[in-house]
Amino acid sequence: MTSDRTTERLVWDLPLRLFHWLLFCSLSASWITAKIGYDVRQYHMWLGFWMIGLLTFRIVWGLVGPRYSRFASFFPRPRLFIDHVRESFRGGAKQSVGHNPAGGLMVFALLILIAAQAISGLFVDDDIFYAGPYASKASESFAGIMSTIHHNAINFILVLVAGHIAAVVYFSVLRKQGLIRAMLTGMKSADVVSAQEEISGSRIWLAITIVIVVATAMFSLSWV
Amino acid sequence: MSDGNPVRREISATLITLSGAARMKKSYRLVAFLTLPVFFGCGGSEQTAASDAAPTAAQQVAAEPISAPEIDRASQRAAEVRQSVLKLISNNFGPMRNMARKEAPFDAPVVRKNSLRLHQLSLMMADAFATDTRGSDVVTEALDVIWETPEAFAGKIEALTTAAGALAESAASADEASILAAVGELGQKCGSCHDDFRQDD
């Protein structure tokens with residue numbers, strides 16, 4: 001049914017969907033390990049390194065990936081955002097093919113905050129056993145600022161994630177736009193996506209190449 | 001190394017300016033530092049006045065409750081003492097942590113010496129935290145829950161003492177692996193207490 005090309009068209013490429021759900025799982029796991037504390041701190045750090053790799057892939061994919069994965073396709077534009085919100089309250093916002101203007105803003109905010117969260121962690125030292133790879137290389141005041149960011153940005157991330165989930169559930173359940181299903185299958189209805197708007201494929205080989213390059217670069221930093 | 005790089009210094013200076021929290025903390029420290037001698041000066045003269053003549057009953061009744069600056073002075077002092085104990089613990093644990101992380105060669109005499117010190121320092125912890133500084137305006141990472149659940153906190157101290165004792169005992173042997181395992185065990189006691197009783201900065 002999902003492969004019925006006449007009623008459904010591909011919008012979200014496979015690498016983007018994998019990134020999305022891997023980021024969701026990794027972020028959840030790293031939040032939980034942070035809450036558990038010292039005993040699982042090693043896993044928390046590994047999750048952070050892994051997520052920096054994920055985000056690096058996403059940044060490259062935002063430049064060279066298929067249409068709706070590109071940052072240019074959902075770069076926040078205040079005019080569009082205001083129009084979208086106004087129409088949404090009237091109940092008649094046009095369904096977007098990729099991210100809607102509010103969703104695009106959310107994606108940018110989440111990516112930036114999660115990146116800040118992960119990178120600041122590289123400078124944190126727990127004064128006991130575990131220290132980020134750059135904790136002892138930065139000046140004390142800089143490491144202190146990074147530590148403050150690391151212990152506070154998560155609260156903003158949690159608020160945004162709650163808003164993101166609430167919006168997606170609202171559009172999926174009450175407005176029947178099937179956004180969650182679209183992020184799983186990549187498909188949206190042909191009523192929303194015209195034949196010209198559909199992406200031609202997932203560029204899997206390009207994605208694999210990027211993953212290899214990013215992974216090589218990450219391992220060469222020898223954080224682990 | 002980092003201080004030699006003007007660009008990096010510039011960046012961190014900008015970030016400090018941008019970060020209101022860091023600035024406030026700094027200014028707090030500055031104010032505390034500048035006013036400390038004043039407080040000590042007052043304390044000295046008060047003490048002399050008090051010891052000159054025993055207060056009469058009437059004077060005692062009329063005596064005002066302890067004034068706010070005096071409470072703050074006691075809290076400030078208490079915070080300094082407990083932070084000093086923890087700094088010494090950190091200082092003595094540091095070399096062993098580096099050994100356990102294979103960042104420094106194993107050095108049995110250092111482990112023996114430092115583990116005995118840690119054992120002693122752990123015995124000072126209860127006294128160091130005896131003064132309840134809840135509600136005072138001292139800059140501290142000590143959470144209120146320390147004084148809200150004293151039994152739980154005492155349990156953490158006991159675990160630390162036990163682990164430090166076990167390490168000191170282990171350090172008397174020549175078994176490097178088991179000594180380093182005991183270092184890890186001791187670090188775990190530090191971490192599990194920080195999880196519950198120390199604020200993340």
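The values are calculated or read from the model by the stated rules, or taken from the named source; none is laboratory data. A quick note: this is a predicted structure, and the numbers were derived from the prediction, not measured. Don't worry about glycine lacking a Cβ; one is built from the backbone with ideal geometry, like all the others, and counts go over all protein chains shown.
A few notes on this one:
Residue-wise test of (1) in contact with a helix residue (DSSP H, G or I) (Cβ under 9 Å, 6 or more places away or on another chain); (2) away from every other protein chain (no Cβ under 13 Å); (3) within 30 Å of B:Ala174 (Cα to Cα); (4) not in a helix (DSSP H, G or I).
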{"site": "B:Arg73", "(1), (2), (3), (4)": "yes, yes, no, no"}
{"site": "B:Pro105", "(1), (2), (3), (4)": "yes, yes, yes, yes"}
{"site": "B:Val111", "(1), (2), (3), (4)": "yes, yes, yes, no"}
{"site": "B:Asn114", "(1), (2), (3), (4)": "yes, yes, yes, no"}
{"site": "B:Met124", "(1), (2), (3), (4)": "yes, yes, yes, no"}
{"site": "B:Asp137", "(1), (2), (3), (4)": "yes, yes, no, yes"}
{"site": "B:Ile157", "(1), (2), (3), (4)": "yes, yes, yes, no"}
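- Residue that is farthest from the other protein chains (Cβ to nearest Cβ), among those in the stretch B:171-190 that are among the small types (Gly, Ala, Ser) and crowded, with 20+ Cβ neighbours inside 10 Å: B:Ala171
- Of all residues in the stretch A:121-145, those being within 7 Å of chain B (Cβ to nearest Cβ), part of a loop (DSSP other than H, G, I, E, B) and among the aromatic types (Phe, Trp, Tyr) number 1.
- Among the residues of the stretch A:189-221, those that are in contact (Cβ under 8 Å) with a residue 60 or more places away in the chain and either farther than 22 Å from A:Leu14 by Cα or in contact with a strand residue (DSSP E or B) (Cβ under 6 Å, 6 or more places away or on another chain) (or both) comprise A:Ala190, A:Val193, A:Glu198, A:Ile199, A:Ala217, A:Met218, A:Leu221.
- Per-region count, the stretch A:95-120, residues part of a loop (DSSP other than H, G, I, E, B) and of a type in the set (A, V, I, L, M, F, W, C): 1
- Evaluation of B:Asp201 against the conditions (1) within 14 Å of another protein chain (Cβ to nearest Cβ); (2) assigned to a helix (DSSP H, G or I) shows that the sole unmet condition is (2).
- Qualifying positions in the stretch B:75-103 - within 13 Å of another protein chain (Cβ to nearest Cβ) and small (Gly, Ala, Ser): B:Ser90, B:Gly94, B:Ala100
- Residues of the stretch A:163-196 satisfying the condition of being more than 24 Å from A:Phe89 (Cα to Cα) and surrounded by fewer than 13 Cβ atoms within 10 Å (Cβ to Cβ): A:Ser194, A:Ala195, A:Gln196
Matching residues to (1) modelled with pLDDT of 70 or more; (2) under 18 Å from A:Phe129 (Cα atoms); (3) over 21 Å from the mean Cα position of the chain (by Cα):
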residue: B:Thr56; (1), (2), (3): no, no, yes
residue: B:Ala62; (1), (2), (3): no, no, yes
residue: B:Gln76; (1), (2), (3): yes, no, no
residue: B:Ser90; (1), (2), (3): yes, yes, no
residue: B:Phe93; (1), (2), (3): yes, yes, no
residue: B:Phe106; (1), (2), (3): yes, yes, yes
residue: B:Leu116; (1), (2), (3): yes, no, no
residue: B:Ala128; (1), (2), (3): yes, no, no
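- Residues of the stretch A:33-64 that turn out to be assigned to a helix (DSSP H, G or I), small (Gly, Ala, Ser) and closer than 16 Å to B:Gln188 by Cα, as a count: 1
- Residue in the stretch A:136-144 that is of a type outside the set (Phe, Trp, Tyr) and within 14 Å of the chain's Cα centre (by Cα) present: no
- Answer residue from the stretch A:44-73, given it is surrounded by fewer than 20 Cβ atoms within 10 Å (Cβ to Cβ) and of a type in the set (Phe, Trp, Tyr) and is nearest to A:Met187 (Cα to Cα) among those: A:Phe71
- Just one of the numbered conditions (1) within 14 Å of chain B (Cβ to nearest Cβ); (2) among the aliphatic types (A, V, I, L, M); (3) within 24 Å of the chain's Cα centre (by Cα) is not true of A:Leu158: (1).
- Within the stretch B:171-181, the set of residues being touching a residue at least 40 places away in the same chain (Cβ under 8 Å) and in a helix (DSSP H, G or I) comprises B:Ala171, B:Glu176, B:Ile179, B:Leu180.
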